[in-house]
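Visitor: Please find one structure pasted underneath; my questions will follow.
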Amino acid sequence: MNAFYRLASARDGDGRHAYAERAGKLFRLRDALSDQEIAALGGPPVDLLPLINDWEHWRTALPKLIDAYLAASPALVDEASLHFCPPIQSPPKLLCIGANYHDHIAEMKIAMTPTYPYSFLKPSSNTLRGSGDDVAVPDGVEMMDWEAELAAVIGIKSRQLSADNALGAVAGYTNFNDLSARDWLATRPPVGIDWVRHKAFDGFGPMGPYFVPAEFVPDPQQLAVELKVNGVVKQSSSTAHMVFGVAEIIEHLSSIMTLEPGDVIATGTPAGVAGGHDPVVFLKAGDVVTMSVGDCGVLETPIV
């Protein structure tokens, strides 16, 4: 297996760039690419989507490029000097799974366990934020909640996958905080939950900081999930407790729609959300939320 590495997108004083990191050594990806490779990508990559669009090539090319660059005299970057962005700024689709951990179903007093992955679409253009980006409490919202989630990023255009081959379509994984406004859940209208009002406010999709290629995640159902608010642990669980694993989720979604490179699938949250605590204490201005899944780094979200 190749030596472990991660990818990211971040801003510095010179703009936004894609980065690679191995063993604490962080560098602009464009510095490891040839002129021909940069031209093939349409210019120096600023996020990971150009790579994901041809992931079959880059998943084998990147380890060699990283090896060669680090063996030379690399120009390294201090992580503290960067402001991380979402690894993919404009995914073709941002799909989310609800009620997908047994303990979360219990804490939210959901009457039944879903018989298939319960999914919804979240708009990416206004919700996605990087690590360190402020997220404002929306006007009129008093029940702003957190949800630490593993997100899978699709790397191959796929349709009608089976659970047996679904993980082969995954390029990699990252952190996702599915921020939610629970104010209207108790008074839902006869037609059901208004998922736009619940999930689609500006900034309600912090993601990142790092993207971990799938080859370094042999079993996505064996990853630690943790979320803290102001340093206090609120969620501490494992993806082992999902109702439907990543492969089953992809099997289900690919039976409905064609999955495209760069699609992000957030796979649900475990117990420990604000709405499940007693007493209930929702997010407020001044809080800082940090979360991590596996080796995807720490995603930090200040609430303002």
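The values are calculated or read from the model by the stated rules, or taken from the named source; none is laboratory data. Values in this document were obtained by computation on a predicted structure and should not be read as measured data. So basically every Cβ, Gly included, is an ideal-geometry build from the backbone, and we count neighbours across all protein chains shown. We work out accessible area using only protein heavy atoms, side chains counted, and drop any ligands, DNA or RNA first. Shrake-Rupley method; radii C 1.70, N 1.55, O 1.52, S 1.80 Å.
Visitor: Write down Rg/Rh for the stretch 26-109, rounded to two decimals, with Rg from the C-alpha atoms and Rh from the Kirkwood relation over Cα pairs.
Guide: Ratio of gyration radius to Kirkwood radius for the stretch 26-109: 1.14.
Visitor: Once you list every other residue whose beta carbon is under 13 Å from the beta carbon of Ser254, what net charge do they have if Lys and Arg are +1 and Asp and Glu are -1?
Guide: Details: positive: Lys93, Lys157, Arg159; negative: Asp164, Glu248, Glu251, Glu260, Asp263.
Net charge in that neighbourhood comes out at -2.
Visitor: Give me a comma-separated list of calculated 3J(HN,Hα) values for the stretch 39-56, in order, Karplus coefficients 6.51, -1.76, 1.60 applied at θ = phi - 60°, integers in Hz, x for any Gly or Pro.
Guide: 5, 5, 7, x, x, x, x, 9, 9, 8, 4, x, 6, 4, 4, 10, 5, 4
Visitor: Grab the other residues whose beta carbon is less than 12 angstrom from that of Ile265, score K and R as +1, D and E as -1, and report the net. Walk me through the numbers on the way to the answer.
Guide: Details: positive: Lys93, Lys122; negative: Glu149, Asp178, Glu248, Glu251, Glu260, Asp263.
Charge balance near Ile265 sits at -4.
Visitor: Can you work out the Karplus-derived ³J(HN,Hα) for every residue in the stretch 240-253? Use 6.51 cos²θ - 1.76 cosθ + 1.60 with θ = phi - 60°, whole Hz, and x for glycine or proline.
Guide: For the stretch 240-253, the Karplus curve yields 4, 8, 5, 5, 10, x, 4, 4, 5, 4, 5, 4, 5, 5 Hz.
Visitor: Moving to a separate point now. Mean projection of the alpha-carbon convex hull of the stretch 1-156 over all orientations, in nm²? Can you show the working numbers first?
Guide: Details: hull surface 50.7 nm².
Mean projected area of the Cα convex hull: 12.7 nm².
Visitor: Leaving out ligands, DNA and RNA but keeping every protein chain, what accessible area does Glu226 have, in Å² rounded to the nearest 10, with a 1.4 Å probe?
Guide: Estimated to the nearest 10 Å², Glu226 gives 70 Å².
Visitor: Something else about it: Would you mind getting me the FRET efficiency between Arg30 and Glu215? Use the beta-carbon distance for r and R0 = 25 Å, nearest 0.05. All intermediate terms of the calculation are to be shown ahead of the outcome.
Guide: Details: r = 23 Å, r/R0 = 0.91.
It comes out at approximately 0.65.
Visitor: Set the bar at 31 Å for Cα to Cα. Now go through Lys122/Lys284; Lys199/Lys228; Lys64/Lys157; Lys199/Lys234; Lys157/Lys234 and name every pair that lies beyond it. Numbers along the way, then the final one.
Guide: Details: Lys122/Lys284 22 Å; Lys199/Lys228 20 Å; Lys64/Lys157 25 Å; Lys199/Lys234 20 Å; Lys157/Lys234 36 Å.
Where the Cα-Cα span goes over 31 Å, the pairs concerned are Lys157/Lys234.
Visitor: Give a residue-ordered list of calculated ³J(HN,Hα) values for the stretch 147-157 (Karplus: 6.51 cos²θ - 1.76 cosθ + 1.60, θ = phi - 60°; whole Hz; x for Gly, Pro).
Guide: Values per residue, Gly and Pro as x: 8, 6, 9, 7, 10, 9, 10, 6, x, 9, 4 Hz.
Visitor: Tell me, what is the percent relative contact order of the stretch 107-256, built from C-alpha pairs under 8 Å that lie six or more residues apart? It would help to have the intermediate numbers written out before the result.
Guide: Values: 235 pairs, mean separation 45.4, N = 150.
Rounded, it is 30 percent for the stretch 107-256.
Visitor: Turning to a different aspect of this structure: Given an 8 Å cut-off on Cα distances and at least 6 residues of separation, report the relative contact order of the chain as a percent. Before the final figure, lay out the partial values.
Guide: Values: 727 pairs, mean separation 73.1, N = 304.
Relative contact order of the chain: 24 percent.
Visitor: Compute the accessible area per residue over the chain, keeping the other protein chains in place, probe 1.4 Å, unit Å². Could the numbers behind the result be given before it?
Guide: Values: 12840 Å² over 304 residues.
Averaged over the residues of the chain, the accessible area is 42 Å².
Visitor: Next up: For Ser238, what residues show an amide H to amide H distance below 5 Å, using hydrogens built from the backbone and excluding near sequence neighbours?
Guide: Long-range HN contacts for Ser238: Val225.
Visitor: Given a 1.4 Å probe and every protein chain left where it sits, what share in percent of the accessible area of the stretch 1-135 is carbon and sulfur?
Guide: Details: 3350 of 6390 Å².
Whole-percent figure for carbon plus sulfur exposure: 52.
Visitor: Could I ask something else about it? Under a point-charge model restricted to the Cβ atoms of Lys and Arg (+1) and Asp and Glu (-1), what is the dipole moment magnitude of the chain relative to its Cα centre, in debye to the nearest 20? Intermediate values should be presented prior to the final figure.
Guide: Numbers: 22 positive and 37 negative charges, 52 e Å.
So the dipole magnitude of the chain works out to roughly 240 debye.
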